[in-house]
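The values are calculated or read from the model by the stated rules, or taken from the named source; none is laboratory data. Here the structure is a predicted model, which is why all the values come from computation and not from measurement. FYI the Cβ positions are ideal-geometry reconstructions off the backbone, even for glycines, and counts take in every protein chain you see. The area values use the complete protein model at the heavy-atom level, side chains included, leaving out ligands, DNA and RNA. Shrake-Rupley method; radii C 1.70, N 1.55, O 1.52, S 1.80 Å.
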Amino acid sequence: MAIEKIETKEAFKSFIEKVEAQDGYRKPVAFGICRVDRGQKNRDKILQAVFPLINWNENFGSAAVLIAALQDSGEKVDFTASEQVFDVSDAMIVNAVAAFNPYLAEAEGDAHKNVQVIKELARIADCEELDDNFRVVFLFEDAAPQSVEAVYIKLYALSLGKAALRSVNLNGAFGILQNVAWFGNEPFELDWLRENEIELKLNGAYPEIESVDKFPRYLQHIIPADNTRILDSAKVRMGAQLHPGTTVMPGASYINFNAGTTGAVMVEGRISSSAIVGPGSDVGGGASILGVLSGTNGNPVTIGENVLLGANSVTGIPLGDGCIVDAGIAILEGTKVVISKAELEKIKEVNPSWDVAVEDENIFKGVELAGKNGIHFRQNSMTGQIIAMRSRREVKLNAELH
Amino acid sequence: MAIEKIETKEAFKSFIEKVEAQDGYRKPVAFGICRVDRGQKNRDKILQAVFPLINWNENFGSAAVLIAALQDSGEKVDFTASEQVFDVSDAMIVNAVAAFNPYLAEAEGDAHKNVQVIKELARIADCEELDDNFRVVFLFEDAAPQSVEAVYIKLYALSLGKAALRSVNLNGAFGILQNVAWFGNEPFELDWLRENEIELKLNGAYPEIESVDKFPRYLQHIIPADNTRILDSAKVRMGAQLHPGTTVMPGASYINFNAGTTGAVMVEGRISSSAIVGPGSDVGGGASILGVLSGTNGNPVTIGENVLLGANSVTGIPLGDGCIVDAGIAILEGTKVVISKAELEKIKEVNPSWDVAVEDENIFKGVELAGKNGIHFRQNSMTGQIIAMRSRREVKLNAELH
Amino acid sequence: MAIEKIETKEAFKSFIEKVEAQDGYRKPVAFGICRVDRGQKNRDKILQAVFPLINWNENFGSAAVLIAALQDSGEKVDFTASEQVFDVSDAMIVNAVAAFNPYLAEAEGDAHKNVQVIKELARIADCEELDDNFRVVFLFEDAAPQSVEAVYIKLYALSLGKAALRSVNLNGAFGILQNVAWFGNEPFELDWLRENEIELKLNGAYPEIESVDKFPRYLQHIIPADNTRILDSAKVRMGAQLHPGTTVMPGASYINFNAGTTGAVMVEGRISSSAIVGPGSDVGGGASILGVLSGTNGNPVTIGENVLLGANSVTGIPLGDGCIVDAGIAILEGTKVVISKAELEKIKEVNPSWDVAVEDENIFKGVELAGKNGIHFRQNSMTGQIIAMRSRREVKLNAELH
């Protein structure tokens, strides 16, 4: 039973309302159509999902069209599941084209991107078999992902900035993704390489493998903002989030998935998984921000605005705004830090809600200074002592909050 | 004089015995057939040797076949030499096919890989000239390599885990390899690029050079285990050894040739040439393990099991099991380290064979703590002193040894 | 009005003299012909300029030919401008061929490279339209660059070693270059990728982007010396200068534009923009040399000969010859450094012009030790104090200077 061609935008609106009114219907929190790469040896294994577009708490009308197009081509959509994934069939495309009809002509440039996807799929379906190359995924809730497509749509949501870092449920994602050899944008099963190694090598046709990983690289899927620079694609994993204006240098830098920047940041060091760096900050050459899996006792590290992490410094605690960690020193949760009376008083000025007693000499553990503004961490080169003082970097206090 | 087609496995066995019984015959410690890349300008220079398969103290029957196939096609094999290399000729292939005849049908999948190589070469020889694209190399002893093919088969032996790290004679290998420009898997002579620069550049055909080095990258030649991950192919040089389960991140990490891991290791730092890291250990972001050429007085560094090297730490001494080097500190042979009485007693418990007198305060040079288990190296942030204590990481003592 | 075919080298000489005698003629400090990559979307935007050859204060006869070839094909060359850029037209090529006629036959190999460029362009013009793919640029003075071609010819001058580091005016270069996505050697406009994302991705034709940057990589344009090695092309930016014999490892290393080496140097760390490292020196794994934009108060750092920067060290001051900075320590302008009487006297011996009073204990700020020879910077591991002593590395004093 096919969808009849819809002639007007009014009729389209009624159609959507009818679809959404069906029993048990749930608007998806996310949906999208992707092209998948399947295993060379095990075609049922999906190695990668490439989305030209994802929808994240948006475009519910388009979602309704795709759901109706599936239903009317014989698929059953289970709205009680956390996610649903289907092959994209010719019948589904025909249905979607019929439903999107009032928008087909104007779907170009920035307008109606979901309709553009359907138009392009219709064009492809005219020329070749769709086979099982295309898939459509709906997430009805942000539960632990069950499919490769669900993992990828979540990584896209993070990398496109549609979902906040640390806000998405990626539990079990590592177990769902295949470990593959990446030849440019194309994933290969390691077993297929093994089975064909003799033939490939003797014929000079062995592919140039650039990485072996479950995740692809950010730049394989994401087009950054005009003022964002990434000098080496290997340095940013898919699922990282880079705010416009961020620059990632090629020395020791690295940004893992579910980590990144919330403003223009200069990145010459490591932003481990779950770490977030704020606007105007500078992660110096070789500086390490520890992740939840590497020494922070599970506490994710947030770095505030206008912070300077010196070259080869290590930071294992969250920092407020306007902080400095000097080159080459490590500030971890257990690091003891000495602050003089005068400096602690100056630091308090930019941390008005911090209720701390001021002694002549004050000794803190790193974790006690977590998230405080305007602190400059240093090592006294005459005594080796780790000390802190008021940094000379600006801290903008939000007057409304204090 | 050609080898006659062998009809049965029994006859094959006799054939091998006859070959091996010849005067002066030596079983090769290593052999293999490779496809070579030759200089664009100097065709007699071999720039790279790609092996679909190498044999290392194994498959002596196949070695005998290849030697007989060479001899019966007119080549003289000098068993007194440390190595011998020959072009693979049509006549040699015909001979080898005749000898391997009882195994041809069953040579597929994981069975009879050497026979598979010959089968594929026979197929290629049917379609095109072999020219001098293929070479066969035999090492009759592990002496200093004399040819590019010999260097490569040794690098393969290390990278495939067929030879232990530091166990192979690579003396003079650097002098044998050409420094070339790598365009993907293909090596180019720098002089050829120079001579063709004007034409290539004006026609938009200049190749995308990814590195200029004597060595290729590990992933150009080696298929890692299913649970091994290498996030950037530039980070692991051919000749490195990665035990299954090893992960190499793309930040500051690097594994040189004749260095690597002997268990599942998380690598986010540098494993310099000759350094070895044991199972369950973690080389933190930017951590440096010094190599024999960089500050260890020629003593190669072995890191034990379950060791944690903190971010941006530097280790210039061997470490036993269950050690920790804190983030940002350097432990070199000459570094003075203070250990309290109580901690030294605890450390002795996990180093039962260590005969050391315990004082109230004990000062060691780094080199005196080399290879000891269960030590946690720290810098006291109140005094700047480098101290050591018993780490909280588990040390599994082998009861049989103590 | 075309140039008439010149028949003899004598006539060529006269021709050049006539061209150079014209009113207002200025010999260009730099000139060259490049192939340009233009925007896929905005064809008037030049994304990259590839020079097969540049001239830097040299080959003024060839410059005169190109200028005359332009003038006689109807272009007006403004010698009062700091730079001039023109499309290369068929008419210009015909003119240049006519003028270069006495050299055409012998222009091959290393001889008459500018003539070779014209010959190849003439060959291309015979086969296809030149369109606006080729450009010729003249710099009449080293002023702030006004065009992409001018920026590139200056980066080439640095990277080819034709101009000394820090000697070239690059003011405003960042503003002139487009930020583009690099697919191998080919630059793409980000907006073009955005407009074609749906089509490219659904058809499996999305390009493998390797970086997003205004600058290309050194190895996209430059052929290094036979004994130079760069293990990862991402590590060296166009505009860097690498003296023959320099090796750049793939760990944490990086060399920015307008930075590099003036002798054979082992680079495993970061050489920031404006930093220069001298012959025989070793930049250890993860070592950072700060740049003018990262903590040196605008003072560019020069590292002398035979210097060793330890793994993960940080250097923010210039160093003389034969210095050592120990692994893991940071020497910045404000770092206080203690030197004993005996050691300071030894240091003075290799710094004969240093007029310093020697006390029992001497405390210097890092900046006061800038450029001094033979200093070994250490951290006392018993007290945490930063100290300095006479290094054991050789300092070759120039007898003529002292």
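So here's what we get for this one:
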{"read-out": "Condition broken by C:GLY286, with the remaining ones in (1) at the interface with chain A (Cβ under 9 Å from one of its Cβ atoms); (2) among the small types (Gly, Ala, Ser); (3) touching a helix residue (DSSP H, G or I) at 6+ places or on another chain (Cβ under 8 Å); (4) not in a helix (DSSP H, G or I) satisfied", "value": "(3)"}
{"read-out": "Residue count, the stretch C:82-121 (criterion: in contact with a Ser or Thr (Cβ under 8 Å, 6 or more places away or on another chain) and of a type in the set (Gly, Ala, Ser))", "value": "2"}
{"read-out": "Unique match (being open to solvent by 20 Å² or more (accessible area, probe 1.4 Å), more than 22 Å from the chain's Cα centre (by Cα) and within 14 Å of chain A (Cβ to nearest Cβ)) among B:LYS346, B:LYS336, B:LYS341", "value": "B:LYS336"}
{"read-out": "Residue check, B:ILE276 away from chain A (no Cβ under 14 Å) and open to solvent by 10 Å² or more (accessible area, probe 1.4 Å)", "value": "yes"}
{"read-out": "Whichever residue in the stretch A:210-228 is part of a loop (DSSP other than H, G, I, E, B) and either touching a residue at least 40 places away in the same chain (Cβ under 8 Å) or at the interface with chain B (Cβ under 10 Å from one of its Cβ atoms) (or both) and, among such residues, is farthest from B:PRO187 (Cα to Cα)", "value": "A:ILE222"}
{"read-out": "Conditions (1) among the aliphatic types (A, V, I, L, M); (2) farther than 18 Å from C:CYS323 by Cα; (3) under 13 Å from the mean Cα position of the chain (by Cα); number of the one not met by C:MET249", "value": "(3)"}
{"read-out": "Any chance B:VAL367 is open to solvent by less than 10 Å² (accessible area, probe 1.4 Å) and not acidic (Asp, Glu)", "value": "no"}
{"read-out": "Conditions (1) closer than 30 Å to B:ARG35 by Cα; (2) more than 14 Å from chain B (Cβ to nearest Cβ); number of the one not met by A:THR246", "value": "(1)"}
{"read-out": "C:ASN373 among the polar types (S, T, N, Q), more than 14 Å from every other protein chain (Cβ to nearest Cβ), open to solvent by less than 40 Å² (accessible area, probe 1.4 Å) and under 30 Å from A:GLN385 (Cα atoms)", "value": "yes"}
{"read-out": "Test result for C:GLU149, within 13 Å of another protein chain (Cβ to nearest Cβ) and more than 29 Å from C:SER281 (Cβ to Cβ)", "value": "no"}
{"read-out": "Filter result (over 16 Å from C:LEU160 (Cβ atoms) and open to solvent by 10 Å² or more (accessible area, probe 1.4 Å)) within the stretch C:210-230", "value": "C:GLU210, C:LYS214, C:ASN227, C:ARG229"}
{"read-out": "Search result, residues across the stretch C:47-105 that are charged (D, E, K, R) and closer than 18 Å to C:GLU20 by Cα", "value": "C:GLU58, C:ASP72, C:GLU75, C:LYS76, C:ASP78, C:GLU83"}
{"read-out": "Residue that is farthest from C:LEU231 (Cα to Cα), among those in the stretch B:255-269 that are open to solvent by less than 10 Å² (accessible area, probe 1.4 Å) and of a type outside the set (S, T, N, Q)", "value": "B:GLY263"}
{"read-out": "Test: residue in the stretch C:142-151 that is outside the structural domain of C:ALA240 (by TED's automatic domain parsing) and over 29 Å from the mean Cα position of the chain (by Cα)", "value": "no"}
{"read-out": "Elements of type strands (runs of 3 or more DSSP E) contained in the stretch A:295-390, each with 3 or more residues being free of Cβ contacts under 8 Å to residues at least 40 places away in the same chain", "value": "A:361-365"}
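Yes/no matrix, rows are residues, columns are (1) under 30 Å from C:ARG194 (Cβ atoms); (2) more than 14 Å from every other protein chain (Cβ to nearest Cβ); (3) buried (at least 20 other Cβ atoms within 10 Å of the Cβ):
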| position | (1), (2), (3) |
| --- | --- |
| C:PRO28 | no, yes, yes |
| C:ARG35 | yes, no, yes |
| C:ARG38 | yes, no, no |
| C:LYS41 | yes, no, no |
| C:GLN48 | yes, no, yes |
| C:VAL65 | no, yes, yes |
| C:ALA69 | no, yes, yes |
| C:GLU75 | no, yes, no |
| C:ALA81 | no, yes, no |
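So that you can scan it fast, the table gives a plain yes or no per residue for (1) facing chain B (nearest Cβ under 9 Å); (2) basic (Lys, Arg); (3) over 20 Å from the mean Cα position of the chain (by Cα):
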residue: A:ASN256; (1), (2), (3): yes, no, no
residue: A:THR262; (1), (2), (3): no, no, no
residue: A:MET266; (1), (2), (3): no, no, no
residue: A:ASP282; (1), (2), (3): no, no, yes
residue: A:ASN297; (1), (2), (3): no, no, yes
residue: A:LEU309; (1), (2), (3): no, no, yes
residue: A:ILE317; (1), (2), (3): no, no, yes
residue: A:ASP321; (1), (2), (3): no, no, yes
